[in-house]
Amino acid sequence: MKQIVKEPAQEAMQAAPENVLLGAGKKLLFTTKRPSVIMESGTGMYISDTEGREYLDFVGGWAVNALGHSPVALQKALAEQASKLVLASPAYYNKPQLEFAELLTHISGMDKVFFASSGAEANECAVKLARKHGALHLDGACEIITMKQGFHGRTLAMMSATGKPAWKELFEPKAGGFIHVPFHDLDACFAAVTNRTCAIMLELIQGEGGVNEVDEAYLYGLRKICDMYGIALIFDEVQTGLGRTGKLFAYEHYGIKPDILTLGKGIGGGFPLSAMLTTEPFDLFNAGDQGGTHSGQPLAMAAGHAVVGEILRLNLADNAERQGRAILQGLGELANQGLLARPRGRGLLIAFDVSEGSAAPLAEACMRNGLLINVTNPATIRLMPALIVEKAHIEEMLRKLELSLREAIVMAE
């Protein structure tokens, strides 16, 4: 076997100062603007860069780090499973897969599950299943109604499902068959239903759209439409699922169950993992219709089981509800001072508005002050801290946020 020898350049890079490492960033394909810091380690609610600067993280990997950074439960699960079996093949069962499937179906009230690696993949699976239903039971119906300002992922099909105006001309021809209607306009949704409709798909809280929460009466109306025409109701809970909104699943706030449910982000606590769940009548795929090399791989299953197990054991959904109320109360006080507007959200999926064009400068000011927040559009900030967040973290966040808001106002003047 040929011996692999480290080149001097590799050794130098490992011990390189931050500016040299950042130069290596030019080797990455550009997809987004990033600040000139390199994250290196994290514990709980905090993440640190290569210069030793520590940040209170209220982005949480875009609602991914449910248990915070480097949780012990996840470390142990990965180490233990990696010593046994990392990947067999999706052609075979494995023990962690069966155990996790049992847990997820039990807590969700669904009957069947398919595992994938990203939210977009789970949503793709949901679309395929809905179209299979249309092919078998609705005379070939294949169109799916989705909501304006929604977000379902970045694959070509999910970009079509999302329907962001900025994406309209990108990467054409994208996958067709998606009809976009205004969020909360039940008449528009009803009018869009035809004999080609096989499903209605939506987020219960639009995350990327600015944290817009669905109305109960509207959701009830969508369920009625689906029941009336025999079409599938799909809830994209990639961001809201598993405790984020103050309940294990956002649909529990409304008592309205979907036919198909998708999960991602927090399900793996930072390990790439997602799931699509459905009910027994929608167990429709034939062999070969759906699959994936990494679907249900033991390492991911062990990670997911450990993360979801901790969410249940620590009752983190209740913590999300309690701490979310505290955040909204604090943001309300800042709003009363005229520093921000329209604080909103449920659980630990929260947003507020600032003046047009000032969201990005505010995020930069917060980062300088040791706080990470997320910009969803030029006038909206989103907060998605780990489900383990505590009162002291919230007080620290509010102090740093107020300081940054006042700094931003001074700079604007």
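Take the residues in region 344-365 that are touching a strand residue (DSSP E or B) at 6+ places or on another chain (Cβ under 7 Å) and assigned to a helix (DSSP H, G or I), then tell me which one is nearest to Asn212 (Cα to Cα).
The extreme case among them is Ala359.
Could you check how many residues of region 280-297 are of a type in the set (A, V, I, L, M) and either surrounded by 14 or more Cβ atoms within 10 Å (Cβ to Cβ) or touching a residue at least 60 places away in the same chain (Cβ under 8 Å) (or both)?
Of region 280-297, the ones of a type in the set (A, V, I, L, M) are 284, 287.
Then drop every residue that is not either surrounded by 14 or more Cβ atoms within 10 Å (Cβ to Cβ) or touching a residue at least 60 places away in the same chain (Cβ under 8 Å) (or both), which leaves 284.
Number of matching residues: 1.
Looking at region 249-299, which of its residues are under 13 Å from Glu121 (Cα atoms), touching a helix residue (DSSP H, G or I) at 6+ places or on another chain (Cβ under 8 Å) and either of a type in the set (S, T, N, Q) or not assigned by TED's automatic domain parsing to the domain that holds Pro96 (or both)?
Scanning region 249-299 gives Thr262, Ser274, Gln290.
Working carefully through the options Gly246, Gly210, Gly241, find the one that is at pLDDT below 95, in contact with a strand residue (DSSP E or B) (Cβ under 8 Å, 6 or more places away or on another chain), crowded, with 16+ Cβ neighbours inside 10 Å and not β-branched (Val, Ile, Thr).
Unique residue meeting the criteria: Gly210.
Return the residue satisfying two criteria in turn: it lies in region 223-263 and is touching a residue at least 24 places away in the same chain (Cβ under 8 Å) and of a type in the set (Gly, Ala, Ser), and of such residues it is farthest from Glu203 (Cα to Cα).
Gly230
Considering only residues that are part of a loop (DSSP other than H, G, I, E, B) and basic (Lys, Arg), look in region 238-284 and name the one that is farthest from Gly304 (Cα to Cα).
Filtering first and then ranking leaves Lys257.
Can you report the number of residues in region 366-395 which are in a helix (DSSP H, G or I) and either under 17 Å from the mean Cα position of the chain (by Cα) or surrounded by fewer than 16 Cβ atoms within 10 Å (Cβ to Cβ) (or both)?
Qualifying residue count for the region: 4.
Looking at the structure I just gave you, is Met201 free of Cβ contacts under 8 Å to residues at least 40 places away in the same chain, within 17 Å of the chain's Cα centre (by Cα), surrounded by 18 or more Cβ atoms within 10 Å (Cβ to Cβ) and within 21 Å of Lys132 (Cα to Cα)?
Details: free of Cβ contacts under 8 Å to residues at least 40 places away in the same chain: no; within 17 Å of the chain's Cα centre (by Cα): yes; surrounded by 18 or more Cβ atoms within 10 Å (Cβ to Cβ): yes; within 21 Å of Lys132 (Cα to Cα): yes.
So Met201 does not fit the description; no.
Which one of the conditions (1) hydroxyl-bearing (Ser, Thr, Tyr); (2) closer than 25 Å to Arg313 by Cα; (3) modelled with pLDDT under 95 does Thr43 fail to meet, given that it meets all the rest?
(3)
The values are calculated or read from the model by the stated rules, or taken from the named source; none is laboratory data. Model, not experiment: these values are computed from the prediction. Ideal geometry is used to build each Cβ from the backbone, glycine not excepted, and the neighbour counts take in all protein chains shown.
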